[in-house]
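Following: one structure in structure tokens, then a few remarks.
Nothing in this text is a laboratory measurement; each read-out follows from the coordinates by a stated rule. For clarity, every value in this text was computed on a predicted model and none was experimentally measured. Neighbour counts run over all protein chains shown; Cβ positions are idealised from the backbone, glycine included.
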Amino acid sequence: MAISQKLELRQGQGLVMTPQLMQAIKLLQLSSLDLAAYVEAELEKNPLLERADPPPSEEPPQAAERASANSDDDTADDEGAGESIRTESIRDGGDGVQRTSDTPLYSEWANVGGGGAADGDYNLEAFVSAETTLADHLARQLSLAPMEHAQRLIGQYLINLVDEAGYVRGELETTAEKLGATLADVEAVLAILQTFDPPGVGARDLAECLSIQLKERDRYDPAMAALVANLDLLAKRDFAALKRITGVDEEDLADMMAEIKRLNPKPGLSFGGGVVQPVIPDVFVRPMPNGEWNVELNSDTLPRVLINQSYYASVSKTAKTEKEKDFLAECLQTANWLTRSLDQRARTILKVSTEIVRQQDAFLAHGVQHLRPLNLRIVADAIGMHESTVSRVTANKYMATPRGIFELKYFFSSSIAAADGGEAHSAEAVRDRIKRMIDAESADDVLSDDTIVQKLKSDGIDIARRTVAKYREAMRIPSSVQRRREKRASKLAG
């Protein structure tokens, strides 16, 4: 067979990632702080861009009336580009979405084919702090801890309560009430949080902080526990009383005091010296009197930029060389691309957030036990977007709800099929049910994993025995044999 060269024409389809598309994707996944830094850099180098005046603090009453006429705003990216959607409201458990609009976030002008040119020298790392905060450090450990999704929500809420010294500020009863969880659930998550690095983090007072560190060093014996419980006497240097309470001699007491001095009373400060930045929500969710949830973008996190067309018209008339004309054309393209991308980013965040609220309405109304199974595909199919887009939107974006501030990605969890073919059950809800069944068992009626499977199937939950065992171990619940021994021993001791 002879080998020869020839030319052929073939027709095919392919997706080309243009620089403009790649830059738009970057904008979508940036946090509000990174986005503000990026827009600030663009304002510095593009003479056609300028800041827009902030909107009035109070919306005119007639704005909502004008908005009701714009309920068909589910358009393509290029339709209604000059109109900004800041709020959406959804009915409690309903599918109808009612949209309102007010003043534009971004100004869009004449059609520009192909979008603006993206600068190749943009470096995302320039806007990301090199120093990891204590909250970031704890959140990273939380993501690796073996716990169910509902516990992660509680854990993230507790991390938000940790101050720069590493202490949890706030009453656990208030946290439980706000999240719709039991006090035992919150205390269990706090116990896990207190095992994180640095040792002593998550304590509620100094005595608990020192106790955590002593347990980490395997030095928390009864005498040391008595010493920690009487720190007021240690501060007064009442050694006679301390020797009597701890039951040790003077030499042992001196050793114990030296051990206390080697501990860190403010473990959070040892993890970086920076100030812990508060989480700024990108979306607000508020209940309305008519039973709907109002979903609104946080206008303070949305950069507002305008294109100065009069300046462009003036300067373009004086441009003489091709280099000057090309520079102005590139600035105009970039400015138009940026305003369109910012507007589309805001629309996308609002659309995804609204669907999350619609899907997780029961959680907002009743608490973490009512989290629904949710994944990226469900949201993507509901709003007509790709899963990768939803994934980027939910990263580094936060939602303020009546139950606290949560990252959007925390509302996603796996599902377990129903035994009767009905609606699937949230894995977190199933874990919670398993925990409650075990908590309610007696010493004479300890449930095996097989028995738990049978009880769940009788309630319409199709689950395998190995899944029950996996969930039980993730919640650090011992086997039925171990629980039976412990309960009988406790019964005899009582």
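One table, with the values for the structure above:
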| read-out | value |
| --- | --- |
| Gain on full stretching of the segment that runs from residue 3 to residue 239 - 0.36 nm per residue minus C-alpha separation | 75.1 nm |
| Scattering profile of segment 258-351 at q = 0.13, 0.15, 0.20, 0.25 Å⁻¹ [log10 I(q)/I(0), Debye over alpha-carbon scatterers] | -0.76, -0.83, -1.02, -1.23 |
| Percent RCO, i.e. relative contact order, over segment 206-326, from Cα pairs under 8 Å lying at least 6 residues apart | 15 percent |
| Signed unit charges on C-beta, dipole axis of segment 444-494, positive-most listed residue 453, 490, 477 | 490 |
| Residue-wise HN-Hα coupling along segment 31-38, computed from phi with Karplus coefficients 6.51, -1.76, 1.60 (Hz; x: Gly, Pro) | 6, 4, 5, 5, 5, 4, 5, 5 |
| Net charge of Cβ neighbours under 11 Å - reference residue 409; Lys, Arg +1; Asp, Glu -1 | +2 |
| Estimated vicinal HN-Hα couplings, Hz - segment 252-258 in sequence order (Karplus 6.51, -1.76, 1.60; Gly, Pro = x) | 5, 5, 5, 5, 5, 5, 5 |
| Set 455/487; 178/266; 178/409; 26/323; 215/491; 236/266 screened for pairs whose C-alpha atoms are more than 31 Å apart | none |
| Relative contact order computed over segment 134-270 (Cα-Cα under 8 Å; 6+ residues apart), in percent | 24 percent |
| Cα-Cα separations in segment 134-270 greater than 18 Å, expressed as whole percent | 57 percent |
| Estimated FRET transfer efficiency (residue 259, residue 451; beta-carbon r; R0 51 Å; 0.05) | 0.65 |
| Theoretical gain in end-to-end length, residue 232 to residue 145 [0.36 nm per residue, Cα-Cα removed] | 27.8 nm |
| Filtered trypsin sites (Lys or Arg not before Pro), segment 295-372: DSSP coil and at most 13 other beta carbons within 10 Å | 320 |
| Length added when fully stretched, residue 51-residue 381, from 0.36 nm per residue minus Cα-Cα | 115.2 nm |
| Rounded to whole Hz, the Karplus (6.51, -1.76, 1.60) HN-Hα couplings of segment 152-161, x for glycine and proline | 5, 4, 5, x, 5, 5, 5, 4, 5, 8 |
| Residues with amide H under 5 Å from that of residue 305, placed H, sequence gap 5 or more | 52, 107 |
| Positive-end residue, segment 276-352 charge dipole about Cα centroid, Cβ charges, pick of 284, 303, 328 | 328 |
| Trypsin sites (Lys or Arg not before Pro) restricted to segment 183-229 and DSSP loop, no more than 16 other C-beta within 10 Å | 204, 217, 219 |
